[in-house]
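The values are calculated or read from the model by the stated rules, or taken from the named source; none is laboratory data. This structure is a prediction, so every number in the text was calculated from the model and none was measured. Cβ sites come from the backbone with ideal geometry, for glycine too, and all protein chains shown count toward neighbours.
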Amino acid sequence: MQIYFKTFLFLIVTLLFSCSKDEPKVTILKEKNLETQMIEVYNQAMLEYEKGDVIYAAKKFSEVELLYPQSIWAPRAVLMSAYGHFTQGYYSYAINDLERFFVKYKNHPQSDYAYYLLALCHYNQIVDEKKDFNEILKSRKYFEIVIDNYPETDYALDSKFKLELIIELMASKEMYLARYYTQREKWIPAINRFKKVVNDYETTIYVEEALHRLVELHYKIGLIKEAQNYASLLGYNYQSSQWYEASYKILNKNYEPKKVKNRNKNDTLIKKFKKLFK
């Protein structure tokens, strides 16, 4: 029994002695620097974006900018946040992101994209040219910045196309107001609006009608010479249009349009075909 006790005691002492040699295990917590945290958050944001949770991704991109605004990742994060909000129709949030981008990161290499996206944010909010004129003006402003400052980019090419549509909308707005004044027999305000269409939007589809209305209104208030001048301008540029014919009728009361005899197209073709055998 004494032998067993000694053996047991020996084992305990040996075990304690061996444990005393091992170094104590300590958990070392390394504090992450700002740049590491920022990159991790940026990657999380990209992951959420790819999953389709665009709004949450936009929030994470905003965190990147807050963590390390001086890094090269911060402006990229702002643009990604703006794009995320834009794709979901949160245009006011996207506009706030982009305006902050221009304040903090002037002359950034991706400024062309930022201006283009800002223009689109305003452009996509145009529903009715009569009510959304402020959005029309802002989108025009930013599309023109893209065209003037970044003419060789794809953004400039699309901006030119959209700018043409915007100018058509602006001319449409002027025509709407001119017709409004005409209906209420406010001749001078109406004339001024039609003149604006002719002078400022001469490439739009509304110019012919505007010229005719100027002939019509000047004739109505007794300014025959001015009416003739506008009729001449209309005739010089659009002699074959219906608006020129309508203006010509005003100044020439005895005018009768030439009557063209209606002919069956198939009969004409048959006659031409028969001539081949004569």
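Some notes on this structure:
- Single unsatisfied condition, H122 versus (1) more than 21 Å from Q88 (Cβ to Cβ); (2) free of Cβ contacts under 8 Å to residues at least 40 places away in the same chain; (3) in contact with a Ser or Thr (Cβ under 8 Å, 6 or more places away or on another chain): (1)
- Selection status of D97, surrounded by fewer than 21 Cβ atoms within 10 Å (Cβ to Cβ), of a type outside the set (A, V, I, L, M) and within 23 Å of the chain's Cα centre (by Cα): no
- Set K173, K141, K160, K106: member being closer than 30 Å to K59 by Cα, part of a helix (DSSP H, G or I), out of contact with any strand residue (DSSP E or B) (no Cβ under 9 Å at 6 or more places or on another chain) and basic (K, R): K141
- When residues in the range 107-131 are screened for being surrounded by fewer than 17 Cβ atoms within 10 Å (Cβ to Cβ) and more than 27 Å from A74 (Cβ to Cβ), 4 of them pass.
Condition check ((1) at pLDDT 90 or above; (2) at positive phi; (3) in a helix (DSSP H, G or I); (4) polar (S, T, N, Q)) across all residues:
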residue: E185; (1), (2), (3), (4): yes, yes, no, no
residue: I188; (1), (2), (3), (4): yes, no, yes, no
residue: V197; (1), (2), (3), (4): yes, no, yes, no
residue: H212; (1), (2), (3), (4): yes, no, yes, no
residue: A227; (1), (2), (3), (4): yes, no, yes, no
residue: G235; (1), (2), (3), (4): no, no, yes, no
residue: Y244; (1), (2), (3), (4): no, no, yes, no
residue: S247; (1), (2), (3), (4): no, no, yes, yes
residue: N254; (1), (2), (3), (4): no, no, no, yes
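- Residue that is farthest from A114 (Cα to Cα) [pool: residues in the range 129-173 that are touching a residue at least 12 places away in the same chain (Cβ under 8 Å) and aromatic (F, W, Y)]: F133
- A search for C-beta distances below 6 Å between a residue of the range 69-84 that is farther than 15 Å from D112 by Cβ and hydroxyl-bearing (S, T, Y) and any residue that is at pLDDT 85 or above and part of a helix (DSSP H, G or I), counting only pairs 6+ apart in sequence or on different chains, returns S81/D97.
- Tally, over the range 157-191, of residues that are crowded, with 20+ Cβ neighbours inside 10 Å and farther than 19 Å from V207 by Cα: 1
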